[in-house]
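The values are calculated or read from the model by the stated rules, or taken from the named source; none is laboratory data. Since the model is a prediction, treat every value here as computed from it, not as a measurement. Every residue, glycine among them, receives a Cβ derived from its backbone with ideal geometry; neighbour counts consider all protein chains shown. For accessibility, only protein heavy atoms count, side chains too; no ligands or nucleic acids. Shrake-Rupley method; radii C 1.70, N 1.55, O 1.52, S 1.80 Å.
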2 protein chains.
Amino acid sequence: MGTKSLKNRDEMVHIEKIEELEKLAKLIRYYILVSTTEAGSGHPTSSLSATDLMTGLLFGGIFRFDIHNHDHPNNDRLIFSKGHASPLLYSLWAAAGILSENELMNLRKFDSPLEGHPTAAFPYAEAATGSLGQGLPIGLGMALNARYIDMLSYRTYVLLGDSEMAEGSQWEALQIATHYGLHNLIGILDVNRLGQRGETMYGHDLDAYSKRVSSFGWKTILIDGHSFSEILAAYERAFHILDKPVMIIARTIKGKGISFLEDRNGWHGKALNKEELSEALKELGSVDKSITGKILGQDDLKPEEKMPGEAPEINYPMDKPVATRKAYGNAIARIFPEFPDMVVLDAEVSNSTYSEIFSKKYPERFFEMYIAEQNMVGTALGLAARGKIPFVSTFAAFFTRAFDQIRMSQYSGSRANIKFAGSHAGVSIGEDGPSQMGLEDIAMFRTILNGVVLYPSDAVSTEKLVKEAAEHKGIVYIRTTRKDTSILYHEKENFVIGGSKVLRKSDKDIVTIIAAGVTLHEALAACDELKKENISIRVIDLYSIKPLDEATLNEAAMDTRALITVEDHFLEGGIGEAVRSALAEHTVPVYSLAVRKMPKSGKPGELLDYEGISREAIITKVKELI
Amino acid sequence: MGTKSLKNRDEMVHIEKIEELEKLAKLIRYYILVSTTEAGSGHPTSSLSATDLMTGLLFGGIFRFDIHNHDHPNNDRLIFSKGHASPLLYSLWAAAGILSENELMNLRKFDSPLEGHPTAAFPYAEAATGSLGQGLPIGLGMALNARYIDMLSYRTYVLLGDSEMAEGSQWEALQIATHYGLHNLIGILDVNRLGQRGETMYGHDLDAYSKRVSSFGWKTILIDGHSFSEILAAYERAFHILDKPVMIIARTIKGKGISFLEDRNGWHGKALNKEELSEALKELGSVDKSITGKILGQDDLKPEEKMPGEAPEINYPMDKPVATRKAYGNAIARIFPEFPDMVVLDAEVSNSTYSEIFSKKYPERFFEMYIAEQNMVGTALGLAARGKIPFVSTFAAFFTRAFDQIRMSQYSGSRANIKFAGSHAGVSIGEDGPSQMGLEDIAMFRTILNGVVLYPSDAVSTEKLVKEAAEHKGIVYIRTTRKDTSILYHEKENFVIGGSKVLRKSDKDIVTIIAAGVTLHEALAACDELKKENISIRVIDLYSIKPLDEATLNEAAMDTRALITVEDHFLEGGIGEAVRSALAEHTVPVYSLAVRKMPKSGKPGELLDYEGISREAIITKVKELI
C-alpha cells in the first residue's frame, strides 16, 4: 500500500513535470514562429523538430547550469551543432528568462546578438556554429577538458542534425571520443528525415544511425523525440552510463506542432509569412507567457588553480643549426610552467612537428588526435572555450584539411584562443614532394580576421615567438621549417607580434629584400655575395607576417629603390601580397620571388633554384634592378 | 578419380602461381629497398607491408589492365591512397616491365617522374596522393563513372593505410559508395598496426575496422595480408560480390620480409643506410631479375560515344534582375548538350546553388553528394580522371571544407579538369550570418597554380563564363552571388578567361574602380552618382580574377590617378591583392575596399555599408582622393 501510493506520488510528479514541459515547449514553439516571421527568414522547421528534445534537456531537471554565470567552469555545456536551429536556441534562453520577447524579435537584425546562426555575440552559444559537422568536435574538447584537465563533473551535450551526419568530421569525433572514454559527452541526434533539399540518406531509419554510431563504440538510445517520457528517460539513462559516450537518436518531425509544416519538403530555411503565422498560431492555441523554465544549478566546483612558474632560459649555441620545427617543440615544452593552461594536440605527426618533446615531458597535457585534423581543430576550440591555451600542430599543408573549422573558429570570438603550428613549410622540404609542402598556409591563415601569422627563421626567434603566441589572446599561426637553419639571434633579442628585424642595413642600400624562414637565410647569403661586388642591400626578417611592421617597411620603401619579397610559398596571398597591401599607397615597386612553378620532389637546394627563390635568384633579381 | 586428378591439377596450378607471386614479391621488395636507400629517404616499411597484397592483385590474375595503354577506358584502376607507399607502386610497375631498375634508382630525384609521393608525373598513379584519406573518394568517382556513366566493367581498387582510416573523408566515401551501390569499388586496407609515430588507434584489431566498415554497408573480408592463398581468395570473393562495395581488411607487418624492420616502431619514413641495406638484402636472398609480372588484359570495351549537340540561346530580359547563382544553374543545364561529358555534383544544397535546374533536366548526370564536401571533391577528381567534366557546387564558404582535396587535385595535373561553383559569396547574403558567407574563397582558389578564378556580376556573363569554364581544361572556380543583380550585358557580349570589361570610361576619369559581383553594381551606382557632381570615374568589371587582364589594368593605371578595388571578400588574398600583384611594378596607388570588420547578420545593404564596400563607401573614397 505504502509503496503503491509512493509510486502514485512519483507518477503524479512525473505527470506534472511533463505537463510543465509541454507548456514550455508550446511557448518555445511560439517564440520560434514569431521571431522567424518577424525576421523574414530563418529555420523554424528545423527548430521545431528539436524543440521537445531541448526543452526536456534544459527544463526537465537534467541540465545543470548557473544561468547568471554562463561561464561557470562547472556548468553543463550545450552546443547546437545544427546551428541553423538558432531560433530554438534563443527561444530556449527566452523561456529560461535570459532574453525578453522583445529581444527575440530582433533575431537576425543588424544590431542584435541573435544572429542567423549562433556566434560569439550570444554568449550562451558556447561556440559559433552553422557550418555543419562542427559541434561534436567542439563538444569533445569540452568533455576532454572536464575529464582530463579541469577534473570537473560537468557534462557536454551536443545537438546534432541528421543531415550533418554525412560530414566526415562527425566520425572523426565519434572515434576519438571513444578513444578517450568520454562518457561525459552526450550527442542528441535530431532525426527529422529532411535535409535542405530533400530526404537524407537514411530518412527515418534510426537503426541505420544506431548501427554506425554504436560500431564506433558509443552507446545509442533510440527514442521518439516528441515524447517527453522517452526524452527524460533517455537523458536519465545517459547520465548513468559511465563507460562510453552516448548518442540519443531521436525520431522527430520537421516542423513538429504545425500541421501544414510537419514532415513537408520545401520548408527548410524558410520563415512563415504573416498569414501562415497567424494560421500556425491558431493551431498552437493559447500560450502562457508568464511561465519560466527552471534550469537546475550545477555543483559549484572549480578546477584546481595552477600557479604559473618560471620557464627555463633559452640556450642555443650560435654555431649549431637547428630546425625551427624542433625549436617549436623545445619552446612549448620550455614555456609550459609559465602557461599552465597550455594543452598540446597533434595529428599523429608529433615526431615531425616535434610536439613530441612536449608529449614526453608532459604526457598528461598532450592529446594524440590521430590523422583527423578537422576534429583536432574543433577539439582545440572546445578546450580554448574552457580557458585552455591549445597548441595544435601538424604539417602546414594538412591544416588545409581544417580550413572550415579554422575559419569558423574566428566567429567564436575571444574563446578561440588557439595556436596553430604548421611544420614542413614550402618546397624546401625536398624529396617528399608537393603533397607534403605547405604552400598556401600563409594565404589561408592571413584570411582570419584578427589572426596573427608568425614565421620565424631561427631557433631563438621561434622560442620567443612561441611565447608571444601563448601570451596573445586569439588565433595565432606559427609556420616552421623542416630543415636545420643557422642561429641568427642572440637569446636576449626581443621579438613581438607585429615586429620585424632589419638584419642588414647601410646608407647605400639600393634594394630591400624582405623574407622569412629559409628564404631569409638565402637573402643573407645573397647580401654577403653582393657585398663582395660592392652592392649594398637591406635585408628584413619579416617574422610577423600579420600584423606586419609597416613602419620598417615604409622606411625601406623610402630608402631603397625597390623591395623584393622572397618566400617559400605560392605567390598568392603570401608575403609578397601582404607587403604590397601594407605599402599600397607607396609608389615603390614590390617584386615578388615566390613559388610559381609546379613543385616537385628534389633536393631542397634544387627546388629553391627551380622556383627562383634561392640566393642566386635573389642576386639575379637585384642585379636586374640596378 | 577424374575429379580428384582435376583437383590435383588445379592445386598444382595454384601452387605454381603462388610460387611465382612469391618470386615477384621478393623482387619487388628488393626494388623497394634499393630504390629508397639510393634516394636516401622514403617509406620502405610502409611499402613492404602492402607488397604481397599488391603483388597478388596485379599479378595474381585479378587486375585487368592494358599496360601499353594506361588510359584505356576499361582498365581496372588502382589508387594508392597511402601515397607514401610510392616505392611499392613504382616497384610494381617495374616488375611489370614498365620501368627499368635504372629508372627506379631515380626515385625522389629532381628530374624523375617517381616523386616522393605519387603525382601526375607518373601516369600509372591515376591521381596524386600523399595527403591521407583521399584515395577512396577518388576511387569512388571512378567507380561511379564505370557504373553510371561509361557503363563499363572495370573495377576500381584503392590501397588504404590503417592510420588514414582516422580521416573523416574515408567515412564520407564509405557511406556514399554504399548509397550508390558501388560493388565495383574494392578497398584494400593494409593494417600494419603502426602509424608515423606509434601504434594506431586499433593496432592489429581487424575486427575494430570490420565492425565499423561493415556498419557502413560494406562487405568486409578479413585476411592475413602475407598469405597469397588468402589474398587471392579474397580478391576472387570480392570479384563476385555484386551488391555492395568490398573492403579487404588485411593483417600485415610493417617492414615485412626484413627481420630487423618487422613490426618495429621508429622505422616510418626512413630509408636504410648502405650497411643496413646490405644486411637486408642478405636476408632477402637471391632475387631473379629476369622475371616479369604478367597483368591480364581487360576486355576492350569503350564507353558509348556521345556526340555534342547544340546548346539553346541565352535569353535574359534586360529589365529583370537575376541572381548569378541561378544563372549558373541555368547555364549548366543549357550547355550540357554541347558538353556531353559534363557531370554535376552538389553537397545537398542544390536548391540554393541552383544546380537543381540541371538535376531536374538531366537526373542521370546529377549526383547528390550530401553534406560531405571532401568526398565530393575527391569524387569529382575521380570522374575528371575518367574524362568527365565535373561541375561541383556548394556554398563558397563550404569549399573551405575541401581545401586539402582541392589543393591536392592540382598535383593530378591535366586529369583535374574540375569546375567548382561557390554560391553565397560575401556579406551580401545578409541575415544568415558569417558562417554562411564565402569570404576567403577567392584567396583559397587563387593559390591553385594554373587555376582559374571567375566572378561574374550578371546572368549573361555567368552563362558565358560557365561555358568558358567547360571549355577550359583545368581547375576553374566560379563565384556566384545569392541576391538578384541587374543584367549588365547583351547576350552577344563576349567573355574570355583572363578578360575584363570596361563599363565606364572617359578621358576625364580621375580614378578607376575595379570590382566584380555585387560590388560592381555598387561601383556603377557610385559612378552615376559622382557623374552628377561632374566627377568622372572609370569602372572595370574584373570578372576574371585569375588570370587577370593586365593590359586593361595597366591602361587604367596609366590613365587615372589611383585604383580602388572593391570586393565582398576579406582583404587578404582577394581582388585587391590580385590587382596589386598584377601592377606591382607600377607606381600607381591601389586602394582596397574589402571586408575588414567582423561580419555579422543584417540586411545586405547594411552589411555593405558596415564593411565599407557600398556605393556610399566608394563615393567617399573617391572624394577623399580628389
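Rounded to the nearest 0.05, what FRET efficiency do B:I626 and A:M598 give with R0 = 60 Å and r taken as the Cβ-Cβ distance? Could you check?
Details: r = 45 Å, r/R0 = 0.74.
Efficiency for this residue pair is about 0.85.
Tell me which residues come under 5 Å, amide H to amide H, from A:Y477 once H is placed; ignore anything under 5 positions away on its chain.
A:F420, A:V452, A:V453, A:L454
Express the accessible area of chain B per residue in Å², computed with a 1.4 Å probe while the remaining protein chains stay in the model.
32 Å²
So what does B:S163 come to for accessible area, using a 1.4 Å probe and Å² rounded to 10?
Only protein atoms counted, so the area is about 20 Å².
Give the percent of DSSP beta bridges with both residues in segment A:494-626 that are antiparallel, rounded to the nearest 5. Could the numbers behind the result be given before it?
Values: 3 of 18 bridges.
Taking every DSSP beta bridge within segment A:494-626, about 15 percent pair in antiparallel fashion.
Among B:F336, B:G498, A:V566, whose Cα projects farthest towards the positive end of the dipole of the protein assembly as shown, with charges put on the beta-carbon of Lys, Arg (+1) and Asp, Glu (-1)?
Of the listed residues, the answer is B:F336.
Taking a spot 7 Å from the Cα of A:I15 along the direction of its beta carbon, which residues of segment A:214-250 have an amide N less than 15 Å from it?
It comes to A:229, nothing else.
Relative contact order of chain A: what whole-number percent is it, with Cα pairs under 8 angstrom and at least 6 residues apart?
It rounds to 12 percent for chain A.
Between B:L503 and residues 5 or more places away or on another chain, which pairs have amide H atoms under 5 Å apart, with H built 1.01 Å from N, and which residues are they?
B:V539, B:I540, B:D541
Would you mind classifying the protein assembly as shown by shape? Square roots of the alpha carbon gyration tensor eigenvalues, ordered a ≥ b ≥ c; an a/c under 1.5 is rounded, otherwise it is prolate if a/b is larger than b/c and oblate if not.
Rounded shape, in that the Cα axes give a/c under 1.5.
Whole angstrom only: what separates the Cα centroid of segment A:81-144 from the Cα centroid of segment B:142-166?
Here the answer is 40 Å between Cα centres.
Given C-alpha coordinates of chain A, what is the ratio Rg to Rh with the Kirkwood estimate of Rh?
1.06
Can you give the extra length, in nm with one decimal, that the chain gains between B:S286 and B:E471 once fully stretched, where that is 0.36 nm per residue apart less the Cα-Cα distance?
Roughly 61.2 nm would be gained on extension.
Just to make sure I understand: if all protein chains stay in place, what is the order of B:E19, A:E38 by accessible area at 1.4 Å, largest first? Write down the numbers at each step before the final one.
On the way: B:E19 105, A:E38 85 Å².
Descending accessible area places them as B:E19, A:E38.
Which entries of A:K326/A:K505; B:K361/B:K501; B:K464/B:K505; A:K256/A:K282 show an alpha-carbon separation above 26 angstrom in the structure shown?
The pairs that break the limit, which is 26 Å between Cα atoms, are A:K326/A:K505; B:K361/B:K501.
Please give the charge dipole size of the protein assembly as shown, origin at the Cα centre, charges +1 on K and R Cβ atoms and -1 on D and E Cβ atoms. Round to the nearest 20 debye.
The calculation lands at about 580 debye.
Give me the mean projected area, in nm² to one decimal, of the convex hull enclosing the Cα positions of segment B:413-515.
8.3 nm²
7 Å from Cα along Cα→Cβ at both B:D507 and B:K361: what's the point-to-point distance in nm?
About 4.7 nm, to one decimal.
Tell me: how much accessible area in total is hidden between A and B, 1.4 Å probe, Å², nearest 100? Write out the running numbers ahead of the final one.
Working: alone 24170 and 24200 Å², together 39980 Å².
Approximately 8400 Å², summed over both chains.
Considering only DSSP beta bridges where both residues belong to the protein assembly as shown, give the percentage that are antiparallel (nearest 5).
10 percent
With a Cα-only, solvent-free Debye model of segment A:514-603, what are the log10 I(q)/I(0) values at q = 0.13, 0.26 Å⁻¹?
With one equal scatterer per Cα and no solvent, log10 I(q)/I(0) is -0.43, -1.43.
From the phi of every residue in segment A:51-65, what ³J(HN,Hα) in whole Hz does the Karplus formula 6.51 cos²θ - 1.76 cosθ + 1.60 yield, where θ is phi - 60° and glycine or proline is x?
Along segment A:51-65, the couplings run 4, 5, 4, 7, 4, x, 5, 6, 10, x, x, 9, 5, 10, 7 Hz.
Does segment B:25-159 come out rounded, prolate or oblate, given a ≥ b ≥ c as the square roots of the eigenvalues of its C-alpha gyration tensor, rounded meaning a/c under 1.5 and, failing that, prolate meaning a/b above b/c?
Prolate, since a/c reaches 1.5 and a/b exceeds b/c.
Using the 2.2 N^0.38 Å rule of thumb for compact globular proteins, work out how segment A:254-402 stacks up: its C-alpha Rg over that value, please. Walk me through the numbers before you get to the answer.
Values: Rg = 25.8 Å, N = 149, 2.2 N^0.38 = 14.7 Å.
Expressed relative to 2.2 N^0.38 Å, the Cα Rg reads 1.75.
What list of ³J(HN,Hα) values in whole Hz, one per residue of segment A:489-494 in order, does the Karplus curve 6.51 cos²θ - 1.76 cosθ + 1.60 (θ = phi - 60°) give from phi, with Gly and Pro shown as x?
10, 6, 5, 8, 4, 9
Below 22 Å, Cα to Cα, which lysines can B:K600 reach? Residues fewer than 8 away in the same chain don't count.
Result set, ordered by chain and number: A:K82, A:K109, A:K270, A:K473, B:K483.
Mind checking the angle between helix A:168-179 and chain A's longest principal axis? C-alpha axes, 0 to 90 degrees, to the nearest 10.
Compared with the principal axis, the helix lies near 80 degrees.
Could you work out, residue by residue across A:425-437, how many beta carbons of other chains sit within 10 Å of that residue's beta carbon, and then give the average as an integer?
Numbers: counts 0, 0, 0, 0, 1, 4, 12, 10, 13, 12, 17, 7, 3.
Counting Cβ atoms of other protein chains within 10 Å of each residue's Cβ and averaging gives 6.
Could you sort B:23-35, B:47-59 so that the peptide with the highest average Cβ count within 10 Å comes first and the rest follow in order? Mind showing how you got there, number by number?
Numbers: B:23-35: 24.8, B:47-59: 28.0.
Final packing ranking: B:47-59, B:23-35.
Segment B:554-626: which trypsin sites (Lys or Arg not before Pro) are DSSP loop and have at most 15 other beta-carbon atoms within 10 angstrom?
Sites meeting the loop and neighbour criteria: B:R561, B:R596, B:K597.
Using only atoms on other chains, find how many Cβ atoms lie within 10 Å of each Cβ of peptide A:158-164 and report the average.
Mean partner shielding for this stretch: 1.
Across segment A:484-547, what fraction of all alpha-carbon pairs, as a whole percent, falls in each successive 5 Å bin from zero upward?
4, 17, 27, 24, 18, 8, 3, 0
Just tell me how shielded B:364-377 is by partners: mean number of partner chain Cβ atoms within 10 Å of each residue's Cβ, no decimals. Don't jump to the answer; show the numbers that get you there.
Working: counts 0, 0, 0, 0, 5, 1, 8, 14, 10, 7, 6, 3, 0, 0.
What the average comes to for B:364-377 is 4.
State the three equivalent ellipsoid semi-axes of segment B:317-384, derived from the C-alpha gyration tensor as the square roots of 5 times its eigenvalues, in descending order and whole Å. It would help to have the intermediate numbers written out before the result.
Working: eigenvalues 100, 44, 18 Å².
Rounded to whole Å, the semi-axes are 22, 15, 10.
Along each of the three principal axes of the Cα atoms of segment B:205-330, give the extent in whole Å, ordering the values from largest to smallest.
Answer, in whole Å and largest first: 80, 38, 38 Å.
Can you give the extra length, in nm with one decimal, that the chain gains between B:H490 and B:N315 once fully stretched, where that is 0.36 nm per residue apart less the Cα-Cα distance? List each step's numbers first, then the result.
Numbers: separation 175, 0.36 × 175 = 63.00 nm, distance 0.94 nm.
Between B:H490 and B:N315, full extension yields an extra 62.1 nm.
Report the one residue of A:S355, A:V466, A:G195 whose Cα lies farthest in the direction of the positive end of the charge dipole of chain A (charges on C-beta: Lys and Arg +1, Asp and Glu -1; origin at the Cα centre).
The residue sitting farthest along the positive end of the dipole is A:G195.
Rounded to the nearest 500, what is the 222 nm mean residue ellipticity of chain B from helices alone, with -39500 (n - 2.57) per DSSP H run of 4+ residues and division by all residues?
It comes out at -11500 deg cm²/dmol, rounded to the nearest 500.
Is segment B:189-259 best put as rounded, prolate or oblate by its Cα gyration tensor, with a ≥ b ≥ c the root eigenvalues, rounded for a/c under 1.5, and otherwise prolate when a/b is larger than b/c, oblate when not?
It comes out oblate by the Cα gyration axes.
Could you compute how much accessible surface A:T178 exposes when probed at 1.4 Å, giving the result in Å² to the nearest 10?
About 40 Å², ignoring ligands and nucleic acids.
Which of A:P308, B:F367, B:C527 sits farthest toward the positive end of the charge dipole of the protein assembly as shown, with +1 on the Cβ of Lys and Arg and -1 on the Cβ of Asp and Glu?
Toward the positive end, the furthest listed residue is B:F367.
For A:I79, list long-range residues whose amide hydrogen, built 1.01 Å from N in the peptide plane, is under 5 Å from its own amide hydrogen.
So A:I79 has HN proximity to A:Y157, A:V158, A:L159.
Can you give me the solvent accessible area of A:H226 with a 1.4 Å probe, rounded to the nearest 10 Å²?
40 Å²
What lysines sit close enough to A:K508 to cross-link, taking a C-alpha to C-alpha distance under 22 Å and skipping anything fewer than 8 places away on the same chain?
The reachable lysines, counting only those whose Cα sits under 22 Å from A:K508, are A:K531, A:K532, A:K621, A:K623.
Can you give the angle from 0 to 90° between the axis of helix B:615-625 and the longest principal axis of chain B, with both taken from C-alpha atoms, to the nearest 10?
Roughly 70 degrees between the two axes.
Leaving out ligands, DNA and RNA, what percent of the accessible area of segment B:488-619 is carbon and sulfur, probe 1.4 Å?
That fraction is 47 percent.
Got a sec to turn the phi values of segment B:447-464 into Karplus ³J(HN,Hα) couplings, 6.51 cos²θ - 1.76 cosθ + 1.60 with θ = phi - 60°, whole Hz, x for Gly and Pro?
6, 6, 4, 6, x, 10, 10, 10, 8, x, 10, 9, 5, 5, 5, 4, 4, 5
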